[in-house]
Amino acid sequence: MKYYLLPETGNFYKANLHSHSTVSDGTLTPAEMKELYKSRGYSVLACTDHEIMVPHHDLTDNDFLMLTGFELGFDENWRPDFLDARVCDLCIISLDRENNVQPCFHRTKYHNPQRNTEIMFDENEPDFEREYNADCINAAIKKCREKGFFVTYNHPTWSLEHYEDYIKYKGMNAMEICNYSSFIDGYDEYNSKAYDDFLRKGERIFCIGADDNHNRRDPSCRMWDSFGAFTVIKAEDLTYESIADALKNGNFYSSQGPEIYALYFEDDKLHVECSPADKVVCTVNKRRCMSRYNEETGVINHAVFEIKPSDGYFRVTVIDKNGLKADTNAYFTDTLNISVTE
């Protein structure tokens, strides 16, 4: 009998959960971004413009869903130069189509030339003053979760945040395991180590891939910041409610290109079915990493791993011949409805 980790039923929907439009510092309108992403096989887009949440439900149709959200920034603003400053950026996505009230984290005026954004804020009854410190950031995460938002921690490398900075954060739904815009700019923004850091600390969070696109460059050049990292969501249908439920329940994986078709237990072993790959890796919460290859053909489509209760958690990475990766969320052995043996 098979026990599915990614749901057996439903459809896969390709999503970009971090993007910027002309509402803040992007160069394309939300409508232009919708058409761009729809033309490349995407079904879901969240416009997470800096510091301002604008619903775009009018752009939703039978084949494309617009999610409502924004990006919330905490800058180390005592630094005289933003290029030296550490930051913590969070994407805040509404899990209820009708929840269009933006949480208020007071800062009278947001202006930063490097972010190319200037927005005035409502000074009435802010939730609290905003500062770059873990207590304030954790309070913001908690407040957004309580108000029905999906919270992700973004691009720690671009943010100049080190382990001792980000490991203090807690309570988010997910983190970006890959941020494409930062990656093509030259940052090592494939963040599997940071993801394992959070998991080993005890944070039971998911991982997403996202473009963080601003579309400022020529779309024909290699520095075009769209279509490089995405999240594939497994849901019953393309409605706001179904996609939100899938996000809440972790029914998705992140990718730079490879596809994961199925993830399940059968005969007490973990099975992964995927697009043609060079290797498949299983990471656990101990020094027991496992990898699988096809020695005969050099291409692997199906990998099998033995998972032990003492592994704590496990997650799978599919790596293709070009080094592009797809990553599952972490799953925890103490929550599995299966029989696993030491």
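Brief remarks on what is shown
- A Cβ distance below 6 Å, combined with a sequence gap of six or more or placement on separate chains, defines the contacts here; from the range 37-59, residues that are at positive phi reach residues that are open to solvent by 50 Å² or more (accessible area, probe 1.4 Å) and at pLDDT 95 or above in the pairs Gly41/Lys14.
- Filtered by the rule that a residue be touching a helix residue (DSSP H, G or I) at 6+ places or on another chain (Cβ under 8 Å) and open to solvent by 40 Å² or more (accessible area, probe 1.4 Å), the range 286-309 gives Lys286, Arg288, Lys308, Pro309.
- Complete set of residues in the range 206-225 that are in contact (Cβ under 8 Å) with a residue 60 or more places away in the chain and in a loop (DSSP other than H, G, I, E, B): Asp211, Asp212, His214, Asn215, Arg216
- Counting only residues that are under 17 Å from the mean Cα position of the chain (by Cα) and either closer than 21 Å to Thr60 by Cα or buried (at least 17 other Cβ atoms within 10 Å of the Cβ) (or both), the range 249-285 holds 11 of them.
- If you go through the range 45-60 and pick out every residue that is surrounded by fewer than 19 Cβ atoms within 10 Å (Cβ to Cβ) and either under 16 Å from Asn213 (Cβ atoms) or touching a Ser or Thr at 6+ places or on another chain (Cβ under 7 Å) (or both), you end up with 2.
- Taking the numbered list (1) farther than 16 Å from Trp158 by Cα; (2) surrounded by 21 or more Cβ atoms within 10 Å (Cβ to Cβ); (3) over 10 Å from the mean Cα position of the chain (by Cα); (4) hydrophobic (A, V, I, L, M, F, W, C) in turn, Cys207 passes all entries but (3).
- Matching residues, the range 1-22, being aliphatic (A, V, I, L, M) and either at pLDDT 95 or above or surrounded by 22 or more Cβ atoms within 10 Å (Cβ to Cβ) (or both): Leu5, Leu6, Ala15, Leu17
- If the condition is being under 15 Å from Phe183 (Cβ atoms), open to solvent by less than 50 Å² (accessible area, probe 1.4 Å) and not acidic (Asp, Glu), then the range 210-220 contributes Ala210, Asn213, His214.
- Some residue of the range 330-340 being of a type in the set (Gly, Ala, Ser), over 28 Å from Phe183 (Cβ atoms) and open to solvent by 60 Å² or more (accessible area, probe 1.4 Å): yes
- Residue satisfying all of: in the range 292-323; out of contact with any strand residue (DSSP E or B) (no Cβ under 6 Å at 6 or more places or on another chain) and part of a helix (DSSP H, G or I); nearest to Tyr264 (Cα to Cα) among these: Pro309
- Looking across the range 61-81 at every residue that is open to solvent by 30 Å² or more (accessible area, probe 1.4 Å) and modelled with pLDDT under 95, the one that is nearest to Phe12 (Cα to Cα) is identified as Asn77.
- So Leu199, is it in contact with a Leu (Cβ under 7 Å, 6 or more places away or on another chain), open to solvent by less than 40 Å² (accessible area, probe 1.4 Å), closer than 30 Å to Thr9 by Cβ and hydrophobic (A, V, I, L, M, F, W, C): no
- Annotation: of all residues in the range 248-291 being among the polar types (S, T, N, Q), touching a strand residue (DSSP E or B) at 6+ places or on another chain (Cβ under 6 Å) and not in a strand (DSSP E or B), the one that is farthest from Glu146 (Cα to Cα) is Gln256.
The values are calculated or read from the model by the stated rules, or taken from the named source; none is laboratory data. Model, not experiment: these values are computed from the prediction. In this analysis, Cβ positions are derived from the backbone assuming ideal geometry, glycine residues included, and neighbour counts consider all displayed protein chains. Keep in mind that these areas ignore ligands, DNA and RNA; they rest on the heavy atoms of the full protein, side chains included. Shrake-Rupley method; radii C 1.70, N 1.55, O 1.52, S 1.80 Å.
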